[in-house]
Structure formats: C-alpha cells, structure tokens
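Colleague: Would you mind keeping the following structure in view while I ask a few things?
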Amino acid sequence: MKITHQRTGDTLVIAVADELGHHEAREIIDYMGTVLALYPAGPVVLDLSALKFMDSSGLAVVLNLHRALLRAGRSLCVRGTPPQAMRVFQAANLPHIVTFEMGE
Amino acid sequence: MQNVQNMMSIKFESRSVNEGFARQTVAAFVAQLDPTIDELNDIKTAVSEAVTNSIVHAYADKLGYITVSVKLFEGGRVEIKVKDTGCGIPDVAKAREPMFTTGDDTRSGMGFTIMESFMDKLRVRSSAGRGTVVTMAKSLALRAGGR
C-alpha cells in the first residue's frame, strides 16, 4: 500500500495505490487525519487510479474521510476508481452519498 | 451432484498481513478454471471479507488459526469455506444486516453484504465459543470453447 498527497492550488489530492484492505486501512485513516490537520481548508480529491484491490475496508476509509470533510464544510471528490473498487462502492450505494468523478 | 475437479486447503494465523495472502492464493487456484477478471475479482473480494471477519471479530483479542478450503467442481462451480475456531457470532442474522458492525472505524459493516452481492450463495454457521464457518459458492459463466 502506498499513500501520498499533494497540494494543487487550494485542492488537496490524496492518492492511495496498490491494495486497500483491513490490513492497510488503519494506516490510511491515520495518514488522512494528519494531512487534513496540516491543510485544514479547501476541497479534497481522493485519487484511486493506482488502486489494484479494495474490499469493504475502503468503504470505511472513504466514509471516514467524507464525514470529517462534511464536519469541516469541505468537499470531497473520488476520482480514477478502478472497476473492482467501484463494484464494492456500488454494492454499498456509496455513489449516492459521495461524489465520484467518472472517467479520466 | 457435480464431481469435484480439484481442491485445496490453506491454514494460517489470524494476522491481518495474511489477508492478502489468502485472497491471492485462492485467486491463483481458481484461475485454472479460466474465470473472467470480474469473476476473479468478485471471489478475491468475498474471500478478503470472510477472512477479515475472522481476524477482526473471531480472534479479536488473540491469535488463532483460519482455514480456507476451495473446491472446484466440473462445470465451473467454485465453493469456498472460511473456517475459524474463534468466539463465534452471537446473532448471525443481525451480523448479516448491512451497516451492522461491532468493529472499529476501519470496518464498514458491509462485509456480509459484499459477500452476498459478489457470490451466488452464502451460508454462515456459527456457535458461541466454537467458531464460524462461512461457505460461499459461485458458478463461473460458460466461455466460448468450453471450460
């Protein structure tokens, strides 16, 4: 698992790569908490384009991020979601709660 | 009743680092049936959910063993059993409800829902103090040229 972030203008882009299961979820949630505290304003993009596998732990990661940003009045957009991960999000109806950017 | 074409079993400790090992091993074994990428991903995801449940809930405060068994049947049916000897699930019907979880913020409560959505059949047998067996089955689509 690899997680990185970069600031583009006022947008914070967090990218998660490789695999996102229960084994990786804690580190990702903690990393996101640290980065959100470091950059406490502006929209956030979660880039999943390099994700190779995700299970329902990914739902928890995205919902945690969504709730934290909602409380802070900030927006979230998930982009580059691979088909396997999107099937998991769709099974949980997450695209009705969180904004997903389709296509590249 | 279809004949078993091939079978395998793995046993490993309930360490979270073994979740990836379990799903990848099952996927490598099932690959001999020439599944589609979507079918293989569905199986990997369901196995990941079942194994994670055992690690997080069955052995919450201790290490134990998890056994994953796979049977491949003639005609392309795959049956997977994930067995632990942990604490058991007090109320299986409740545990299978979407969004229900007794886990921490890394859990969504959607594990059983994902297993049900991605596999054709799901059966959960559990008894307090003795453990849980999750049995999942999926029939792979027939491909042009046969299997």
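The values are calculated or read from the model by the stated rules, or taken from the named source; none is laboratory data. It should be emphasised that the depicted structure is a prediction, and the values quoted were computed from it without experimental measurement. Virtual Cβ from ideal backbone geometry, glycine too; neighbours counted across all protein chains shown.
Colleague: Condition first: touching a residue at least 60 places away in the same chain (Cβ under 8 Å) and in a strand (DSSP E or B). Now tell me which residues in the stretch B:83-96 satisfy that. Break it down into steps so the answer makes sense when it comes.
Modeller: Of the stretch B:83-96, the ones touching a residue at least 60 places away in the same chain (Cβ under 8 Å) are B:84, B:86.
Result: B:D84, single match.
Table: residues versus (1) under 18 Å from B:S48 (Cα atoms); (2) exposed (fewer than 14 other Cβ atoms within 10 Å of the Cβ); (3) at pLDDT below 90.
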residue	(1), (2), (3)
B:K94	no, yes, yes
B:M99	yes, yes, yes
B:E116	yes, no, no
B:K121	yes, yes, no
B:G129	no, yes, no
B:K138	yes, no, no
B:R143	no, yes, yes
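Colleague: Please pick out the residue among A:T11, A:T81, A:T4, A:T34 that is among the polar types (S, T, N, Q), modelled with pLDDT of 95 or more and buried (at least 21 other Cβ atoms within 10 Å of the Cβ).
Modeller: Values: A:T11 fails: buried (at least 21 other Cβ atoms within 10 Å of the Cβ); A:T4 fails: buried (at least 21 other Cβ atoms within 10 Å of the Cβ); A:T34 fails: buried (at least 21 other Cβ atoms within 10 Å of the Cβ).
Result of the check over A:T11, A:T81, A:T4, A:T34: A:T81.
Colleague: Taking interchain pairs and intrachain pairs at least six residues apart, which have beta carbon atoms under 6 angstrom, with the first residue in the stretch B:8-34 and within 14 Å of another protein chain (Cβ to nearest Cβ) and at positive phi and the second polar (S, T, N, Q) and buried (at least 19 other Cβ atoms within 10 Å of the Cβ)?
Modeller: none
Colleague: Is it the case, given these coordinates, that B:D61 is without any contact (Cβ under 8 Å) to a residue 60 or more places away in the chain, acidic (D, E) and at negative phi? Talk me through it step by step, then tell me what you get.
Modeller: Numbers: without any contact (Cβ under 8 Å) to a residue 60 or more places away in the chain: yes; acidic (D, E): yes; at negative phi: yes.
It is true that B:D61 is without any contact (Cβ under 8 Å) to a residue 60 or more places away in the chain, acidic (D, E) and at negative phi.
Colleague: Of all residues in the stretch B:102-118, how many are in a loop (DSSP other than H, G, I, E, B) and facing chain A (nearest Cβ under 9 Å)? Reasoning before the result, please.
Modeller: Filtering the stretch B:102-118 for residues in a loop (DSSP other than H, G, I, E, B) gives B:102-110.
When the remaining residues are screened for being facing chain A (nearest Cβ under 9 Å), the result is B:103-110.
Counting residues in the stretch B:102-118 that are in a loop (DSSP other than H, G, I, E, B) and facing chain A (nearest Cβ under 9 Å) gives 8.
Colleague: Quick check on the stretch A:84-104: of everything there that is within 24 Å of B:M119 (Cβ to Cβ) and touching a residue at least 12 places away in the same chain (Cβ under 8 Å), which residue is surrounded by the fewest Cβ atoms within 10 Å (Cβ to Cβ)?
Modeller: Taking the stretch A:84-104 first, the residues within 24 Å of B:M119 (Cβ to Cβ) are A:84-96.
If we keep only those that are touching a residue at least 12 places away in the same chain (Cβ under 8 Å) too, we end up with A:84-86, A:88-89, A:92, A:94.
Working: A:Q84: 19, A:A85: 24, A:M86: 17, A:V88: 28, A:F89: 22, A:A92: 22, A:L94: 21.
Across the stretch A:84-104, the extreme among qualifying residues is A:M86.
Colleague: Taking B:I80 as the residue in question, decide whether it is away from every other protein chain (no Cβ under 13 Å), in contact (Cβ under 8 Å) with a residue 12 or more places away in the chain, crowded, with 17+ Cβ neighbours inside 10 Å and assigned to a strand (DSSP E or B). Working first, answer last.
Modeller: On the way: away from every other protein chain (no Cβ under 13 Å): yes; in contact (Cβ under 8 Å) with a residue 12 or more places away in the chain: yes; crowded, with 17+ Cβ neighbours inside 10 Å: yes; assigned to a strand (DSSP E or B): yes.
Spelling it out, B:I80 is indeed away from every other protein chain (no Cβ under 13 Å), in contact (Cβ under 8 Å) with a residue 12 or more places away in the chain, crowded, with 17+ Cβ neighbours inside 10 Å and assigned to a strand (DSSP E or B).
Colleague: While we're here: Would you pick out the residues in the stretch B:35-55 that are more than 14 Å from the chain's Cα centre (by Cα) and within 10 Å of chain A (Cβ to nearest Cβ)?
Modeller: Within the stretch B:35-55, B:I37, B:D38 qualify.
Colleague: Separate question: Assuming A:V61 fulfils every condition listed in (1) within 18 Å of B:E49 (Cα to Cα); (2) surrounded by fewer than 17 Cβ atoms within 10 Å (Cβ to Cβ) apart from one, which condition is it?
Modeller: The single condition A:V61 does not satisfy is (2).
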